[in-house]
1. From Pro177, Pro145, Pro197, Pro172, grab the single residue that is under 28 Å from Pro235 (Cα atoms), more than 16 Å from the ligand (Cβ to nearest atom) and open to solvent by less than 30 Å² (accessible area, probe 1.4 Å).
2. Please find, within region 292-314, the residue that is modelled with the highest pLDDT out of those that are within 16 Å of the ligand (Cβ to nearest atom) and open to solvent by 70 Å² or more (accessible area, probe 1.4 Å).
3. Check whether at least one residue in region 394-404 is more than 26 Å from Ile306 (Cβ to Cβ), hydrophobic (A, V, I, L, M, F, W, C) and touching a residue at least 12 places away in the same chain (Cβ under 8 Å), and report yes or no.
4. With a cut-off of at least 1 residues that are open to solvent by 30 Å² or more (accessible area, probe 1.4 Å) and among the charged types (D, E, K, R), name the strands (runs of 3 or more DSSP E) lying wholly within region 358-440.
5. Of all residues in region 257-270, which are touching a strand residue (DSSP E or B) at 6+ places or on another chain (Cβ under 6 Å) and open to solvent by 20 Å² or more (accessible area, probe 1.4 Å)?
6. Within 16 Å of the chain's Cα centre (by Cα) and within 16 Å of the ligand (Cβ to nearest atom): which single residue out of Tyr186, Tyr165 fits that description?
7. Suppose we keep only residues that are open to solvent by less than 10 Å² (accessible area, probe 1.4 Å) and assigned to a strand (DSSP E or B) within region 204-234. Which one would you say is modelled with the lowest pLDDT?
8. Among the numbered conditions (1) within 14 Å of the ligand (Cβ to nearest atom); (2) within 27 Å of His109 (Cβ to Cβ); (3) touching a Lys or Arg at 6+ places or on another chain (Cβ under 9 Å), tell me where Ala258 comes up short.
Amino acid sequence: MSGSGLGRTHVSGTARRLLLPSAVLLTSLVAVLLAAGRGQAAQGHVPEAPSVREFTLTAAPAAWEIQPGLVVDGWAYNGTVPGPELRVSEGDLVRIHLHNDLPVPTTIHWHGIDVPLQQDGVPGLSQDAVPPGGDFTYEFVATNPGTRWYHSHVDSNAQLELGLYGAFIVEPRAPEPVVYDREFTYVLDERALDFTPEVALGGARPRATEAGNGRGGLLQYDLFLINGKAGDAIPPLHIATGERIRLRLVNAGNLVHAMHLHGQSFTVIATDGNPAPEGQRWLKDTVLIGPGERYDLEIDGANPGIWMFHCHMPNHQDNGMMTTLIYDDALQAQQPSDHHADVSHAAPSPPPAAAQSADAIRIVDNRFEPAVISVPVGTTVTWSNAGLNQHTATAFDGTFDTGDIAPGTATQLTFDQPGTYRYYCRQHLLGGMLGVIQVS
Ligand SMILES: [Cu+2]
């Protein structure tokens with residue numbers, strides 16, 4: 001089939017990625033490698049001598065892909081949101097070269113790291129802001145181990161909103177009591193899509209402020225992000241039965257989030273990067289994390305399955321802040337070989353009897369109405385978003401993907417080939433937001 005419509009069609013492997021999260025994602029791979037590296041160090045009991053660690057962070061405009069088909073203008077360190085995760089060991093001398101390629105001054109604050117005042121990154125208090133084109137080198141000894149982070153401290157509301165933040169992990173010098181099988185970092189944030197660099201520079205105005213839009217309330221947030229991504233673009237957590245993994249949560253955003261794991265509780269092992277004393281390790285299934293806070297969670301792999309991990313504020317969950325914890329062994333047991341067949345198997349089929357003759361589908365949060373339609377070949381189908389949330393219409397077999405259908409907008413596709421097209425919303429599949437177009 002072809003999607004002539006509005007020319008916004010993208011063929012993508014999104015369905016496969018979403019339903020087959022066993023695909024080795026880069027972050028998972030990195031986490032595995034890091035975990036392996038630490039395991040060797042701990043077994044060897046040979047503490048490395050403190051060393052000099054140098055990094056360069058270039059702050060510059062960057063294209064920020066929040067989801068396939070949804071790319072926004074941002075400001076980023078080294079081209080990614082979040083910026084690169086920096087890892088050093090306790091006692092290392094850390095030297096970070098900041099180069100400012102932004103059109104505005106900037107600095108970097110090392111959040112939670114006990115640096116000397118001159119290295120704290122607060123303009124007017126500890127240093128002059130670094131002008132456009134300028135450079136500044138931060139230097140400090142990483143004294144206090146744990147989950148830390150870094151972010152701009154100039155015009156923070158704009159510069160953090162546009163993406164200038166990242167995780168900073170200081171590994172303890174002494175071996176830790178537990179060596180984790182895998183380790184993950186999730187940085188939480190929110191995004192108002194109309195807050196562009198142009199708005200930050202005063203060259204444009206954001207949309208008129210109303211009494212909230214149902215998503216971010218007065219703050220008018222559209223999407224709620226983990227590691228700069230929304231919905232199924234977020235790399236899921238991976239575990240295997242019998243493993244113990246560590247998840248570092250960092251809240252780089254403006255709002256409190258209530259992160260909830262299905263299927264098992266977790267243990268809070270560190271607060272703001274500092275180890276929780278034995279008697280204060282909360283066993284919880286939901287942790288409330290405020291702006292600037294960090295929690296390290298230990299998850300024991302004792303209940304195989306694919307479990308949701310999401311913010312429990314429904315408007316956050318419905319607009320991006322939702323991913324999964326996947327037991328790799330459970331996935332392999334359930335889905336041995338044919339990925340494509342798995343996709344079909346995992347998508348429940350709406351009853352064919354519900355098919356209606358229609359070429360207009362209304363999107364109301366969070367469902368397609370009607371969910372099943374029947375049209376002749378050559379029909380142009382219109383999806384109109386009458387809800388408050390962001391949605392997509394994405395074919396399971398990759399034949400079409402409308403990209404983002406913003407609230408109050410519509411998207412059209414023309415169906416030139418007969419067939420049964422099953423599709424879903426990339427934000428809301430786990431909530432059952434599915435549709436079928438029967439073309440005959
Ligand atoms: Cu939230």
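1. Checking each option against the conditions leaves just Pro197.
2. Across region 292-314, the extreme among qualifying residues is His312.
3. No, region 394-404 contains no residue that is more than 26 Å from Ile306 (Cβ to Cβ), hydrophobic (A, V, I, L, M, F, W, C) and touching a residue at least 12 places away in the same chain (Cβ under 8 Å).
4. The qualifying strands (runs of 3 or more DSSP E) are 360-364, 367-369, 419-424.
5. Filtering region 257-270 for residues touching a strand residue (DSSP E or B) at 6+ places or on another chain (Cβ under 6 Å) gives 257-263, 265-270.
Within region 257-270, His260, His262, Gly263, Ser265, Thr267 meet the criteria.
6. After applying the criteria, what remains is Tyr186.
7. Here the residue is Leu223.
8. (3)
The values are calculated or read from the model by the stated rules, or taken from the named source; none is laboratory data. Because the structure is a prediction, the values reported are computed rather than measured. Cβ atoms come from the backbone with ideal geometry, glycine included; neighbour counts cover every protein chain shown. Only protein heavy atoms, including side chains, enter the accessible area calculation; ligands, DNA and RNA are left aside. Shrake-Rupley method; radii C 1.70, N 1.55, O 1.52, S 1.80 Å.
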